[in-house]
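What follows is a set of notes on a single structure, which appears directly below.
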Amino acid sequence: MNDQGHNAPYWWDEAAPRAGNTASPPAQAEVVIIGAGLTGLAAALPLARAGKQVVVLDKMRIGEAASSRNGGITSGNLHLSRQQLIRRFGLSQADAVEAEAVAARANLAEMIRDENLSCGHQPSGRVIGYLRPIDADAMRLEADRMNHRYNIEMKVLDQQQMTEHTASQKYQAGVLRPDIGSIHPGQLLLGLADRVEQAGGAIITETAITRVQRQNSQFLVETHHGNITADHVIVATNGYTDKGLPWLRRRLIPVISEIIVTEDLGANRVRALMPKLNMFGEALHLGYYYRPTPDGRRVLLGGRRYSQDPLISQRQLTAGLIGIFPDLGDVRITHHWSGPVAFPFDKLPKLVVNHGVIYAAGLCGSGTVWAPWLGKKAAAMILGEDSETIFAHQRMRSLPFYHGTPWFLPLTMQYYRLRDRMAAKSK
Ligand SMILES: Cc1cc2nc3c(=O)[nH]c(=O)nc-3n(C[C@H](O)[C@H](O)[C@H](O)COP(=O)(O)OP(=O)(O)OC[C@H]3O[C@@H](n4cnc5c(N)ncnc54)[C@H](O)[C@@H]3O)c2cc1C
């Protein structure tokens, strides 16, 4: 670890970032995709397979950004509850969002299977822990509704049943979603990049886009290494969106998420903590997410950034881990890293077209599911295939005087921390 308490993501031990297959931008391309994360590559693959001349550009290397930094929990979460969705959009739209989340999770599993991507994909199931007593009857009714509609065997767990899933005493109840699983994100991304290259797509790394201009029916994409004229442009830069893409930057709130991984604890010790090797989250505004690593020998835990100082943040995450599993008080943290996730102002992912440029972004910290889904839909827009998604139907708004630096975030985080603390106290 460096003296700031950070080092490379655990995933990079087995799947280190790499350069693309092409050295410099061509003068022309049918499709330019900005961003070689899961979104950009999931868009590139069907386009390259359809015979389009596709160029994916990234300012970093393949696997350096969020798609190889995440927790690998394939949640497909949305940050608005069903009740909030119904209030805001009405029942039929809320239903459409819910159904799309189920379809997007299935899409990820199909992509991994059909492309034979070796990435430790497991149907691990995810448990959300509740710190307060829940309205179990209402939640069982909701689980029945979901199970009837989607056949997913969602279960409400009481405190006794929680002990089958976790050694933690922190929770009074839980909800198990067996349709949510886990991946090794680094392996998934590099595997997908291989498929794009095998299909004839060009991936050009360490090449930043500085401007995209519309020129009649085409686009001029300006980069540090020369310009490209393109028929279509897809922007897939999510939390890493910079000043080269000002329209999107004004519409996203980047929020830093941080992760720690313990030393090798051995399979028995990890199984004693999480007997079914599930993925975990917490029913709080700023709860932790955690899981065993794919080899079942370490614990990975993540949460929102606590402090600008990585050492303080790491201490906070470690305290969070010990708060969940007091037995881990003696363990060493071997990995600690961070990365930005991105929220649109309405907290719903987006697939939008502005002045002819297609934007797939705002994945709200749940991109392992939403990125491949919206990437595929973005490609379908160009191919004239089924690009229908509920996330193309809301406007992507900004705020006056907002240019992408979220000055209001520290206050917002304080507010959510306070609400979480009050919720935890009212047990
Ligand atoms: C710490 C952390 C934990 C997370 N945990 C989970 C989880 O457990 N489950 C889950 O579902 N999701 C999780 N996420 C979110 C998930 O990783 C992201 O939503 C997803 O990877 C976004 O994919 P993407 O392809 O859209 O963006 P990214 O993978 O971030 O790729 C965007 C790319 O755009 C490039 N770029 C930006 N600007 C330019 C430019 N001007 N020119 C050229 N290139 C540019 C960047 O270099 C970058 O490579 C987590 C994220 C983080 C950071």
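Each reported figure results from applying straightforward, stated rules to the coordinates on display, with no laboratory input. If you're wondering where the values come from, they're calculated on a predicted model, not measured in any experiment. Cβ placement follows ideal geometry from the backbone for every residue including glycine, while neighbour counts extend to all protein chains displayed.
Worth pointing out:
- Dividing the radius of gyration of the alpha carbons in the chain by their Kirkwood radius gives 0.96 for Rg/Rh.
- The stretch 150-308 - Debye-derived log10 I(q)/I(0), Cα point model, q = 0.19 Å⁻¹: -1.25
- In straight-distance terms, cross-link reach from K425 covers every one of the lysines whose alpha-carbon lies under 21 Å from its own, apart from those fewer than eight places away in the same chain; here that gives K170.
- The Cβ shell under 12 Å around G200 holds other residues with a net charge of +1, Lys and Arg each +1, Asp and Glu each -1.
- Here the contact order of the stretch 175-252, divided by its residue count and restricted to Cα pairs under 8 Å and six or more residues apart, works out to 18 percent.
- Using alpha-carbon coordinates, inclination of helix 91-114 to the longest axis of the chain, degrees: 80 degrees
- Rounded to the nearest 20, the size of the Cβ-charge dipole of the stretch 1-159 about its Cα centre is 260 debye, with Lys and Arg at +1 and Asp and Glu at -1.
- Based on C-alpha pairs under 8 angstrom that are at least 6 apart in sequence, the stretch 155-294 has a relative contact order of 20 percent.
- Rounded to 5, percent antiparallel among DSSP beta bridges of the chain: 70 percent
- Point-to-point label distance, H393-A267, nm (Cα→Cβ direction, 7 Å offset): 4.8 nm
- Dipole size of the stretch 248-400 about its Cα centre, with +1 on Lys/Arg Cβ and -1 on Asp/Glu Cβ: approximately 340 debye, rounded to the nearest 20.
- Separation between Cα centres of the stretch 151-169 and the stretch 234-308, rounded to whole Å: 22 Å
- Cα convex hull of the stretch 1-138 - mean projected area over all directions, nm²: 13.8 nm²
- Extension gain from E153 to H225, taking 0.36 nm per residue of separation minus the Cα-Cα distance: 20.8 nm
- Measuring nothing but how far apart in sequence close Cα pairs (under 8 Å, 6+ apart) lie, relative to its length, the stretch 23-79 scores a relative contact order of 36 percent.
- Alpha-carbon geometry of the stretch 233-387: the Rg and the Dmax are 18.6, 57 Å, given in that order.
- The stretch 129-239: C-alpha gyration tensor shape, a/c 1.5 cut-off, then a/b vs b/c: prolate
- Spatial separation of Cα centroids for the stretch 380-395 and the stretch 314-338, in angstrom: 42 Å
- Of interest is the spacing of the C-alpha centroids, which for the stretch 22-84 and the stretch 194-209 amounts to 10 Å.
- The packing ranking of peptides 196-207, 176-187, 322-333, highest mean first, is 176-187, 196-207, 322-333, where packing means the average number of other beta carbon atoms within 10 angstrom of each residue.
- Charged side chains reduced to their Cβ positions (Lys and Arg at +1, Asp and Glu at -1) give the chain a dipole of some 1180 debye around its Cα centre.
- Compactness of the stretch 214-264 was expressed as the Cα radius of gyration divided by 2.2 N^0.38 Å, which yields 1.68.
- D95 sits among other residues whose Cβ lies under 15 Å from its own Cβ, and their net charge, with Lys and Arg +1 and Asp and Glu -1, is +1.
- Measuring between alpha carbons in the structure, the pairs from K155/K347; K350/K376; K155/K377 lying more than 23 angstrom apart are K155/K347; K155/K377.
- Considering only T163, G356, L252, and ranking their Cα positions along the charge dipole of the chain that arises from unit charges at the beta-carbon of Lys, Arg, Asp and Glu, the one farthest toward the positive end is L252.
- Per the Cα gyration tensor, the stretch 52-115 maps to an equivalent ellipsoid with semi-axes of 30, 15, 14 Å, ordered largest to smallest.
- Placing a label point 7 Å from the Cα of Y415 along the Cα-to-Cβ line, the residues of the stretch 263-291 whose backbone N sits under 16 Å from it are 285-286.
- Average projection, convex hull of the Cα set of the stretch 282-340: 4.6 square nanometres.
- Eigen-decomposition of the gyration tensor built on the alpha-carbon atoms of the stretch 348-427 gives equivalent ellipsoid semi-axes of 33, 18, 9 angstrom, largest listed first.
- Alpha-carbon spread of the stretch 77-174, three principal axes, descending order, Å: 42, 37, 23
- Degrees between helix 38-49 axis and first principal axis of the chain (Cα, 0 to 90, nearest 10): 50 degrees
- Helix 367-383 axis, angle to the chain major axis (alpha carbon atoms, nearest 10°): 30 degrees
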